[in-house]
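The values are calculated or read from the model by the stated rules, or taken from the named source; none is laboratory data. These figures come from a predicted structure and were not determined experimentally. Ideal geometry is used to build each Cβ from the backbone, glycine not excepted, and the neighbour counts take in all protein chains shown. Surface accessibility is based on the protein's heavy atoms, side chains included, excluding ligands, DNA and RNA. Shrake-Rupley method; radii C 1.70, N 1.55, O 1.52, S 1.80 Å.
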Amino acid sequence: MEAVKLGNKFHPHSSYPNSSYFSNTHLGLIKFRKTHIGFEPKIQKKWTSLSLSGGERLKEEIFLEKKQRDFSVKCTAEGIERGLLVGGRSDEEREFVVAERFKVVALMACVMCLCNADRVVMSVAIVPLAAKYGWSSSFLGIVQSSFLWGYIFSSVIGGALVDKYGGKKVIAWGAALWSLATLLTPWAANHSTISLLAIRAFFGLAEGVALPSMNTLLSRWFPCHERATAVGISMGGFHLGNVVGLVLTPLFMSSVGISGPFILFSSLGLLWLTTWINRVTNDPQESNSITKAELRLIQAGKSDSPPLKKGELPPLRLLLSKMPTWAIIFANITNNWGYFVLLSWMPVYFKTVFNVNLKQAAWFSAVPWGTMAFSGYVAGAASDFLIKAGYSLTFVRKVMQSIGFIGPGVSLLCLNYAKTPEVAAVMITIALSFSSFSQAGFLLNMQDIAPQYAGFLHGISNSAGTLAAIISTIGTGFFVQWLGSFQAFLSLTACLYFVTAIFWNVYATGERVF
């Protein structure tokens, strides 16, 4: 290859493709400029000697070019892993690009927020409805649990549909139907008690697909070492839905009437649906917006499981033959038992025990859920940190789930001795904050032991948990009416937490079983 020397600069022959780039290089000095994909080194070279032969100089330039490319790829990958790419078309024009998987988890957090807000509206609205129609405490529990009658049936079916068709379509249909049911609830309440129970059961039927869809969709969009954080963000939205529902419902009821919050949240659900359909795919490989680098990062950090074949049924007998499955089922039973007791009865608890009005009861009930949203993210981030640090999945899942059960059990026992609503709110806040660690325990463990059947397994365990929630929701009403206090039922719930924590640590595993 021929070369010519111009002044103090060395230029290879024009056939060398990068000659224009290296004409301005200086040895030993690397500057950085921002590109559309991340930070890229701008290598400049000062020649300390002009006595090198053309071939040696060319080799050095090729080495520097290769170093530049490696550095650029590394910076790009690191930018994608952090979730935010900084770039621009020039030094003057820069833009921020969010990784596609974080757009997916943000939309998922929004729909989970609406999912729970729609549930909570009835927990607040039932107080004036009970006064209007003269419902007893026991019948009030029946009305509260009617949501779960449909929820228990849709969990298994919805989980199987998610395994077969993916989470995008299933949760889209679910959101459309539960928003419609929310809109019709005030009409049903004014029409008859039977209509109200029926529409609430239909509402639960539509919402039963939410958690299996979330779990499966996030497992496809996130690598293993980010999955707990992604679930923590989504479930953070779910818990914030309690705050949104408990705070906004009394405000809209006092200004618009009982129908106000139902119209608000159903409208938000339909608005979310239009964005979801146009922006999200079942799998990152189907997305037109994702970059190749982000797709490689996701695929490198997860194990793909083949979908169920057409007409194939999940092996129920096989799933139920292993003790890790039962560890998940019992964990879901206990989690739902305690969760729905607090979700359904907290406004009534503060009004009955401490005689606070409806708006104050809503605020006292909302604060613990807001804290739970934050602690759920902390649990997910801590779980991913431990996995990256080299701890086994089994160890991480057991630690997180133990915190998620022992912490709430101790807190509920202490709640029996609360003398003021402020102290009670603190105890409930601590209980729910610890409870959110279950998200990094049994909720993620379904993907660990049965990635191919995770949706179906979620449906099975969620149906069992829903049955427990029905019993606990109705049972709380009968206990309060029978004994005149919440203490006995809170103590029973605490004992259930402790027993299940032991069972989980004996039989749970993070290894793949199916």
Which cross-chain or sequence-distant (5 or more) residues have an amide H under 5 Å from the amide H of Val356, H modelled 1.01 Å from N in plane? Lys351
Vicinal HN-Hα couplings computed from phi for the range 388-399 (Karplus, 6.51 cos²θ - 1.76 cosθ + 1.60; Hz; Gly/Pro x): 5, 6, x, 6, 6, 4, 4, 4, 5, 5, 5, 5
Suppose accessible area is computed on protein heavy atoms with a 1.4 Å probe; arrange Asp283, Asp118 from highest to lowest. Asp283, Asp118
For the range 126-183 and the range 244-259, what is the separation of their Cα centres, given in Å? 20 Å
Calculated from backbone phi, Karplus (6.51, -1.76, 1.60) coupling profile of the range 288-299 in Hz, x at Gly/Pro: 8, 9, 6, 7, 5, 5, 5, 5, 5, 4, 5, 5
Please list 3J(HN,Hα) in residue order for the range 463-469, calculated via the Karplus relation 6.51 cos²θ - 1.76 cosθ + 1.60 where θ = phi - 60°; whole Hz, with x for glycine and proline. 5, 5, x, 5, 4, 5, 5
Whole-percent carbon and sulfur contribution to the accessible surface of the range 118-195 (1.4 Å, no ligands, DNA or RNA) stands at 72 percent
If I ignore ligands, DNA and RNA and count only protein heavy atoms, how much of Cys495 is accessible to a 1.4 Å probe, in Å² to the nearest 10? 80 Å²
Along the Cα→Cβ direction, 7 angstrom out, place labels at Met323 and Lys388. What is the inter-label distance in nm? 3.4 nm
I'd like to compare 125-135, 147-157, 204-214: which one has the highest average count of other Cβ atoms within 10 Å, and what's the full order after that? 204-214, 147-157, 125-135
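Counting only protein heavy atoms and using a 1.4 Å probe, what share of the accessible area of the range 475-514 belongs to carbon plus sulfur, as a whole percent? Intermediate values should be presented prior to the final figure.
Details: 1410 of 2090 Å².
Carbon plus sulfur share of accessible area: 67 percent.
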Amide H contacts under 5 Å for Gly510, restricted to residues at least 5 apart in sequence or on another chain and with H modeled in the peptide plane, are Thr394
Hey, can you grab everything whose amide H is under 5 Å from the amide H of Thr291? Only 5+ residues off in sequence or another chain; H modelled, so Pro and N-termini drop out. Glu100
Which listed pairs, of Lys103/Lys322; Lys292/Lys388; Lys164/Lys292; Lys103/Lys292, have C-alpha distances above 28 Å, in listed order: Lys103/Lys322
